[in-house]
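Since the structure comes first, as structure tokens, the remarks are kept for the end.
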Amino acid sequence: MSPTACGSCYDFSTYTSTYFLTGALAGGVCCSITHGAACPLDVVKTRIQLDPATYNKGMLGGFRQVIAAEGVGALATGLGPTAGGYFVQGWFKFGGFEFLKVNLAKSYGDQNAWDKRFMLNSLSAAGAEFVADIFLCPFEATRIRQVSDPAMAKLSLPGAAQAIVAQNGLIGGFYSGFIPMLFKQIPYTIAKFVVQDFAAEAIYQAVAPKRDVSGTTKFGISLTSGVIAGVTAAIISHPADTLLSKINKAGEGGEGNMFVRMGRIASSIGIKNLCLVGLPARCVMIGGITAGQFGIFDSMLPVLGVEKFHYHNPASHH
């Protein structure tokens, strides 16, 4: 007897390995496309964070400065590690989020899952992001070095990665920014999934409580809720993003372990600058990226033959 026949809101028999692998693939594609498309923004944002004294003319001014100094091709610096790294990260983040969310909902039961859906989303997002960051961190360290070091920028992704390992070792080269990445990515991902789910739920409640809307309307809701989630997540995670950019720049923070270097960097920058330098650019970038990700992800799943899991209120189901 299926779960729905037993009176459950869900038919968990449909959430097989095929569903989770499809979610992982859609997640990899949406993250790779959106972060790759935003690479020029990311180059300028990272320059502003790493050298605010030089790049002090805002986002548009930063674009002009980079192009004037290095040519328009400099805006694609780090595109390889960005697209590759975020495909891997998106695979584990979105696939892992769907896997944990569905299994937690199943274990909690219909009413508990509905009542605690934001907690379950938070746990699912944190768990999925932790695993995803293990794979993303080497790509992100390589990207930041290529953006900040002209010599590294001339190398291919494998060449730059080999050079980093030769200079700093595997852990020092690729994972010195792992802790700041966790401080950045885990709050960011929790906010991203929880706020997007809350925003989408509120919009659906206002326009179509049974979610029986056209594909175009679904896409519009995904984009709108994605923008709201992206801006919220960008503000929450920005201080750690600045630290991550700094700690992956050669020589920043002096000698010592990552915690000592982080302390020195944070002290020299100051809390205000840590929270605000580059924030408008990051809000624009992450708002657009997150909207694009949910738009692509929510559109790909039906095309690939699966329907996205979402929480149901048992009271309105029966």
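The candidate values are [x] 10; [y] 37; [z] 20; the one derived from this structure for percent of Cα pairs over 37 Å apart carries the label [z].
Taking 0.36 nm per residue of separation and subtracting the Cα-Cα distance, full extension of the segment from Lys106 to Ser13 would add 32.4 nm.
Run the numbers for Gln205 and Ser156: contour at 0.36 nm per residue of separation, minus the present Cα-Cα distance, in nm. The partial results should precede the final answer.
Details: separation 49, 0.36 × 49 = 17.64 nm, distance 4.88 nm.
Gain on stretching Gln205 to Ser156: 12.8 nm.
Cross-link check: pairs Lys57/Lys246; Lys184/Lys308; Lys101/Lys308 evaluated at a Cα-Cα cut-off of 22 Å; pairs beyond the cut-off: Lys184/Lys308. GNM on the chain, C-alpha springs below 10 Å: top fluctuator among Ser13, Ser156, Ser222? The residue that fluctuates most here is Ser13.
Counting only GluC sites (Glu not before Pro) that are in a DSSP loop and have at most 11 other C-beta atoms within 10 Å, tell me the longest site-free stretch of the chain.
It runs 1-254.
Looking at the range 168-256, the pairs of alpha carbons with a distance over 18 Å make up 56% of the total. Can you tell me the FRET efficiency between Arg64 and Ala166 if r is taken as the Cβ-Cβ distance and R0 is 35 Å, rounded to the nearest 0.05? With a Förster radius of 35 Å, E is 0.50. Structure remark: mean-square fluctuation, Gaussian network model of the chain, C-alpha springs under 10 Å; the largest value among Ala161, Ala206, Ala113 belongs to Ala206. With Cα atoms defining each centre, the range 34-61 and the range 131-201 are spaced 16 Å apart in the structure. Only Cα pairs within less than 10 Å get springs; with that Gaussian network setup on the chain, which residue of Ile33, Ile265, Ile67 has the largest fluctuation? So, out of Ile33, Ile265, Ile67, the one fluctuating most is Ile67.
For Asp42, the shell of other residues with beta-carbons less than 13 Å away shows a net charge of +2, using +1 for Lys and Arg and -1 for Asp and Glu.
Could you work out the relative contact order of the range 39-183, using alpha carbon pairs under 8 angstrom and six or more residues apart, expressed as a whole percent?
25 percent
The 3J(HN,Hα) values that the Karplus relation (6.51, -1.76, 1.60; θ = phi - 60°) gives for the range 231-243 are, in residue order, 5, 4, 5, 5, 5, 5, 9, 4, x, 5, 5, 5, 4 Hz. Gly and Pro appear as x. Each of Ser267 and Leu304 was given a label point 7 Å from its Cα along the Cα-to-Cβ line. The distance between the two points is 4.7 nm.
Take every pair of alpha-carbon atoms less than 8 Å apart whose residues are at least six positions apart; their mean separation over the length of the range 104-169 yields a relative contact order of 17 percent. With θ taken as phi - 60° and the Karplus curve 6.51 cos²θ - 1.76 cosθ + 1.60 applied, the whole-hertz 3J(HN,Hα) list for the range 118-129 is 6, 5, 5, 5, 5, 4, 5, 5, 5, x, 5, 5 Hz, x standing for glycine and proline.
Across the range 75-80, coupling constants 3J(HN,Hα) worked out from phi with the 6.51/-1.76/1.60 Karplus curve, θ = phi - 60°, read 5, 9, 4, x, 4, x Hz, and Gly and Pro carry x.
Over the range 1-96, what is the relative contact order in percent, taking alpha-carbon pairs closer than 8 angstrom and at least six residues apart? Please report the intermediate quantities before stating the final value.
Numbers: 101 pairs, mean separation 42.6, N = 96.
Relative contact order, the range 1-96: 44 percent.
Dipole magnitude for the chain: about 600 debye, using +1 per Lys or Arg Cβ and -1 per Asp or Glu Cβ, origin at the Cα centre.
Could you look at the chain and say what percent of its accessible area is carbon and sulfur, using a 1.4 Å probe and all protein chains? The C+S portion of the solvent-accessible surface of the chain is 66 percent.
For the range 64-154, applying the loop criterion from DSSP together with a ceiling of 14 other beta carbons within 10 Å to the trypsin sites (Lys or Arg not before Pro) yields Lys154. The Rg/Rh ratio of the range 117-185, with Rg taken over Cα atoms and Rh as the Kirkwood radius over Cα pairs, comes to 1.11.
Residues in the chain average 43 Å² of solvent-accessible surface per residue, probe 1.4 Å, ligands and nucleic acids excluded. Taking 0.36 nm per residue of separation and subtracting the current Cα-Cα distance, fully stretching the chain between Lys57 and Met119 would add 18.2 nm.
The values are calculated or read from the model by the stated rules, or taken from the named source; none is laboratory data. Computed from a predicted model, the values in this text were never measured in an experiment. So basically every Cβ, Gly included, is an ideal-geometry build from the backbone, and we count neighbours across all protein chains shown. These accessible areas exclude ligands, DNA and RNA; they are computed on the full protein's heavy atoms, side chains included. Shrake-Rupley method; radii C 1.70, N 1.55, O 1.52, S 1.80 Å.
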